[in-house]
Amino acid sequence: MATMDKKASNHLQDLQYFGEYGGVNPSISDSSTYTFLSAKTMFDTFEGNTEGCYLYSRHSSPSNLYLGEALAALEGTETANVTASGMGAISAVILELCGAGDHIVGSRTIYGGTYALMKNFLKKFNIQTSFVDITKLDHVEAAITSSTKMIYCESISNPLLEVADIHALAKIARKHAIPLVVDNTFAALSIRPVALGADIVIHSLTKFINGTSDCVAGVVCGTKEFCLALKDVNTGAGMLLGSTLDSLRAASILKNMRTLHIRMKKHSENALFLAQKFERDGLRVVYPGLPSHPGHLIMEDQMHPEYGFGGLMTLDVGTLENANALMELMQDRKLGYLAVSLGFYKTLFSAPGTSTSSEIPEAEQKEMGLSNGLIRFSIGLDDDIQRTYDLMKKCMEDLQILINA
Ligand code: PLP
């Protein structure tokens, strides 16, 4: 059994930031620049030598620091830098760790945007990625070369919901003296990658952590040394690529984070309920909480049981036509929205082969088992999940698309 700090959520409840007049929420720093009483302090702050002083909000702002502290507590890291999007966090980490001629070993099932960044965009900088089946540890190790600068994976992958064995991957990374970078967007609170040996944790805050689908944001959680390097005014990829989160958004995300533990439990409870029902119905359902999932035992070993197996589930209904018809009918019957993204109170569904993973060429989608009939569900916070199940089942019956496993 992996060791896990079970007090993750309690730390979050303990974090207190008071507003300027004793408000229960911290004041929002509504400024892009900050004044100094002395020119010397300004110089020292620019050089990064003065804690507690702010210079310019692309570098840091009080609101962004509060949110960063809460996210560092969530992930059990020394500190964290918030960014304007998940992709802002991912691109900054990669360009901080890799230069021309370097190499990445990446999971072949990852968010389509990350895949496109690694496969297409990074070519411009002569940074190559070997995409591997992250569940095959021998493939991961065999892909490492003397130029490899990181192993990159998602704790639960988008969209196939493969579970990464973070403990084993961290061992490989350590053996080769390279960092293990984990995008933990799908498993907020359930999995703490750093407790399992990962070095850097990324989230798209856009999803579960914010939970209201009203903004995009991201975070890099890591050591003080790494996060300060990202912010270095002369060389830091975070500072110089400029993916800065606005303070107003940082403040609203921090407020939403206060209910993350309740939301994650409910997302997981509802997703498990539906997955078990659909599996009993003989449908092609994939969910890490089902013993039939190849990564179920690894997930059980590395997760915090209270927060469950996550809110994501996939259902393969055979063809894209079936998937589109079902999603449109479910939306008509108010069961959720035909929309990308995840972590909303309402169920969101999309066919990743033609949306969020469309960057992955069709042949590669086939090879990794991503079929056109696959629907990715981000299960919502429905109060009566039995009713939701009955209505979803009725949609499939009305369309005559009960595809058996
Ligand atoms: N990581 C994962 C697992 C995602 O699903 C996404 C977006 O869908 C991202 C990163 C990118 O995040 P953002 O859209 O906030 O840039």
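The values are calculated or read from the model by the stated rules, or taken from the named source; none is laboratory data. Predicted model only: the values in this text are computed from it and were never measured. Heads up, the Cβs are rebuilt from the backbone with ideal geometry, glycines too, and the neighbour counts pull from every protein chain shown.
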Given the conditions (1) out of contact with any Gly (no Cβ under 8 Å at 6 or more places or on another chain); (2) surrounded by 15 or more Cβ atoms within 10 Å (Cβ to Cβ), every one holds for M330 apart from (1)
Leading residue by the ranking (nearest to the ligand (Cβ to nearest atom)) among those in the range 127-137 that are assigned to a strand (DSSP E or B) and among the hydroxyl-bearing types (S, T, Y)
T129
Taking the range 103-126 as the search range and keeping residues that are without any contact (Cβ under 8 Å) to a residue 60 or more places away in the chain and within 21 Å of L137 (Cβ to Cβ), which one is nearest to the ligand (Cβ to nearest atom)?
S107
Residue that is closer than 15 Å to A217 by Cα and not assigned by TED's automatic domain parsing to the domain that holds T356, where the choices are A100, A116, A73, A84:
A84
Of all residues being surrounded by 20 or more Cβ atoms within 10 Å (Cβ to Cβ) and not hydroxyl-bearing (S, T, Y) in the range 305-315, which is farthest from V340 (Cα to Cα)? Just the residue, please.
G308
A251 meets each of (1) in contact (Cβ under 8 Å) with a residue 12 or more places away in the chain; (2) surrounded by fewer than 20 Cβ atoms within 10 Å (Cβ to Cβ) with one exception, condition (2)
Of the residues that sit in the range 259-277 and are without any contact (Cβ under 8 Å) to a residue 40 or more places away in the chain and not polar (S, T, N, Q), which one is surrounded by the most Cβ atoms within 10 Å (Cβ to Cβ)?
A275
Among the residues of the range 85-102, write down those that are surrounded by fewer than 21 Cβ atoms within 10 Å (Cβ to Cβ), small (G, A, S) and within 12 Å of the ligand (Cβ to nearest atom).
S85
Which condition breaks for L55 when tested against (1) over 30 Å from Y307 (Cβ atoms); (2) at pLDDT 95 or above; (3) in contact with a strand residue (DSSP E or B) (Cβ under 8 Å, 6 or more places away or on another chain)?
(2)
Scope the range 21-65; condition of a type in the set (S, T, N, Q), within 20 Å of T83 (Cβ to Cβ) and surrounded by 16 or more Cβ atoms within 10 Å (Cβ to Cβ); matching residues:
S29, S57, S60, S61, S63, N64
